1. Need one number for region A:199-323: average projected area of the convex hull over its C-alpha atoms, nm².
2. Please list the non-local residues whose amide H lies under 5 Å from the amide H of B:Leu43, H modeled 1.01 Å from N, same-chain partners needing a gap of 5 or more.
3. Show me, bin by bin at 10 Å from 0, the whole-percent P(r) of region A:461-578 based on Cα pairs.
4. Starting from the Kirkwood radius over alpha-carbon pairs of region A:389-488, derive D by Stokes-Einstein at 4 °C in a medium of 1.567 mPa s and give it in µm² s⁻¹.
5. When we measure straight from the Cα of A:Lys196, which aspartates and glutamates land under 19 angstrom away, once same-chain ones fewer than 8 places off are left out?
6. Which residues' amide hydrogens lie under 5 Å from the amide hydrogen of A:Met95, considering only partners 5 or more residues apart or on another chain, with H built in the peptide plane?
7. Non-local amide H neighbours of A:Phe551 (under 5 Å, H modeled in plane, Pro and chain starts lacking H): which ones?
8. Which of the pairs A:Lys505/A:Lys534; A:Lys197/A:Lys558; A:Lys189/A:Lys385; A:Lys311/A:Lys433 have their Cα atoms more than 28 Å apart in this structure?
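Quick note: the coordinates plus some simple rules give every number you see, no bench work behind them. Bear in mind that the values here come from a model prediction, so they are computed numbers and not experimental data. Every residue, glycine among them, receives a Cβ derived from its backbone with ideal geometry; neighbour counts consider all protein chains shown.
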Amino acid sequence: MELSGGEIVVQSLIDEGVEFLFGYPGGAVLHLYDAIFHQQKVKHILVRHEQAAVHSADAYARSTGKPGVVIVTSGPGATNAVTGIATAHLDSIPMVIISGQVGTPVIGSDAFQEVDMVGITRPCVKHNFLVKDIADLAVTMKKAFHVATTGRPGPVVVDVPKDITDPAIKIPYVYPKEISMRSYNPVVKGHTGQIKKAVDLLLNAQRPIIYAGGGVILGNGSNELTEFAKLLGYPVTNTLMGLGGYPATDKQFVGMLGMHGTYEANMAMHESDVIIAIGARFDDRVTGKLEEFCPYAKIIHIDIDPSSISKTVKVDVPIVGEVTAVLKEMIALIKASNITCDQKALDAWWSQINKWRDVDCLKYDYSEDIIKPQYVVEQLYEVTKGEAFVTSDVGQHQMFAAQYYHFDKPRRWINSGGLGTMGFGLPAAIGVKLAHPDADVACITGEASIQMCIQELATATQYRTPVKVINLNNRYMGMVRQWQEFSYQSRYSESYMDTIPDFVKLAEAYGHVGMKIEKPIDVRPALEEAFAMKDKLVFMDFITDRTENVFPMIEAGKSHHDMKLRVAPGTPIDRELA
Amino acid sequence: MRHIISILIENESGALSRVAGLFSARGYNIESLTVAPTEDSTLSRMTLVTRGSDEVIEQITKQLNKLIDVVKLIDLAEAVHVERELMLVKVKTMDETREEVRRLAEIFRGKIIDVTSSSYVIEMTGPSDKLDAFVAALDEESLVEVVRSGPMGMSRGEKGLHL
Ligand SMILES: Cc1cc2nc3c(=O)[nH]c(=O)nc-3n(C[C@H](O)[C@H](O)[C@H](O)COP(=O)(O)OP(=O)(O)OC[C@H]3O[C@@H](n4cnc5c(N)ncnc54)[C@H](O)[C@@H]3O)c2cc1C
Ligand SMILES: Cc1ncc(C[n+]2csc(CCOP(=O)(O)OP(=O)(O)O)c2C)c(N)n1
Ligand SMILES: [Mg+2]
């Protein structure tokens, strides 16, 4: 089969089994768009801004485990995509981004719509390629998918100059079935000696805790994690990125840890003697003050990326390997071991944890006059029976979503954790809905975040993606306002907007249903009504308490046991444990 | 501590900027960097001198290994190795000083590779501190130009950095 460069790109997407291509056309990719026009297998989703194309494809990947694919034109199309690429990079999401480039003869001449895409994206991709010869095109596409989806996943940019896609130049097309790269060989299996050491340490622990992160979800290790935790009976905490990796409604789950984690999760981390970190990267939102991080603990760390290990926190037993493979080996070793954990110590540990739980750190006062954001999330959880895919933007609403929607399954909680990109939520919801047309998809957002990619309401109309937008409208950049309240004596510098659009009218203008909900008593019925409208995008503008804050909170530079709580803990903490 | 990291990297355009970019983005320092293709034209060899605590050096090697184009690397400081640096020095010469400069170059086993009526260019290789010593021994007034390659190195014995 002889194909042009443009056709090779599209055919390689077909050969990769790509369902959706999120993109936006322009001069440098016109040949590519012509090749897209001539086929039916890959469905192109026309967004309204390139950033959104990347977020939609990213969320498609997060919710399915398959790589997300994007196409943008050179210059402004490419730079618009960068925020999305960086978002995917920090959360290790497998993606392939095809960017158009000016023709090879004029590269470097400040040609029309030329930017050095390989240079601009180098620090925020797993890898990138500039294709300079049509003969390299198919192999490069294969490499891009291979690199994006194996090892620690990540976005890969393929920059394709216009002349490479010229329809007049055709070459024989062969798409490689497999590829091996001498410079890239990610580890799968963990070191057996280290795994044994880890199991010994775990079985001899008195106050153990399992700290599991996004790697469990990325590596499809939820079942293994659950079996592992059940076998040991140890408490489990998840990072923001790990939520859903362990069933949140299970009694061994102590909630999220870190800056806005639960009291019990953070206290248990602080007092523990053995921590096993699984696919988590000791982010500063999780560790707080490094010098005081888990002072009594020996730490085991399973991660596929050696550079995640001992990056910020020095660990005692590093295991480089794929989460599922390593956990399977550990499970087998634990089952075969003649040591059993110290049940008495474990009982004492659990009774201590239960005392911390009794503090009830997520308790808030329901109000009859004003809608509490937490209440909306709780009601959303009930109305969707905990089964919805929930995307979010960035801010207080994101934390409320993480705290009050209990994810029992992986890939249901879709948010930008590492980069914290406002504008992520709506395009993400569209990407998820395309992948899961029969599922309920909710986008929990704030009135500031939603305006960063609001134009995607049009994309949702065009492709009939009836997601539900849950706008927790506190008329503030709440998260910013909260920091200003605590650290800047309530000087609310530029953390509110003088004008906020009428979201109901706005939604209607795009052909959707808008609802404004102002009373607590209306929250539940409105949600039920909205979710009953299966084929409608409903924009739900919840007018919420302006002054609500996210608790618990570990302020910057503080450590795990130094949390700000909504109400002072009533239960005295048994300090003897320390 | 000072470390010499030797890297085999795919000889692709942009490979150098990936390494340099990594150092600037992560705030590591580079004292020197040399790069050239090897006997296998698809591979380049880079020698990089950096300084840092053990933790920093560990992160540097991990981050370098993570670059998709990097095939292999070693930290030469981990074992016995030889290292050499090349230097060219241009000095002003006058009738009175000509002989003295030549003698000095000889003591340091330098070679004079260019002569004009008013200057010498001296070529010298050796460990970096020897080159430092030679430059220090020259009369500052006469020094016109110094260019150094930065060190390159190899581990001793059978151990080596190859595919
Ligand atoms: C407003 C705001 C507040 C936040 N507050 C918190 C908070 O309170 N608590 C919190 O936890 N986070 C919080 N975050 C998120 C935080 O910034 C980080 O994104 C998050 O903590 C990182 O999660 P993680 O450690 O699970 O790592 P991820 O970023 O999910 O990284 C995954 C790790 O797993 C590894 N991995 C990937 N695949 C595999 C595999 N197959 N096998 C083994 N390992 C693998 C990777 O190498 C990596 O080290 C907040 C973010 C925002 C925007
Ligand atoms: C693109 C971008 N710009 C700025 C920020 C900093 N920031 C984090 S949260 C936030 C406020 C978000 O406000 P809103 O969407 O209303 O959410 P709320 O906190 O009120 O729930 C801002 C500005 C960011 N995360 N992303
Ligand atoms: Mg707000």
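1. Mean projected area of the Cα convex hull: 6.5 nm².
2. Amide H to amide H, under 5 Å and 5 or more residues apart or across chains, B:Leu43 pairs with B:Asn11, B:Thr38.
3. 11, 30, 25, 21, 11, 3, 0
4. Value of D from the Cα-based Kirkwood radius: 94 µm²/s.
5. The qualifying aspartates and glutamates are A:Glu224, A:Glu227, A:Asp273, A:Asp303, A:Asp316, A:Glu322, A:Glu329, A:Asp342.
6. A:Gly68, A:Gly154, A:Val156
7. Amide H to amide H, under 5 Å and 5 or more residues apart or across chains, A:Phe551 pairs with nothing.
8. Listed pairs above 28 Å: A:Lys197/A:Lys558; A:Lys189/A:Lys385; A:Lys311/A:Lys433.
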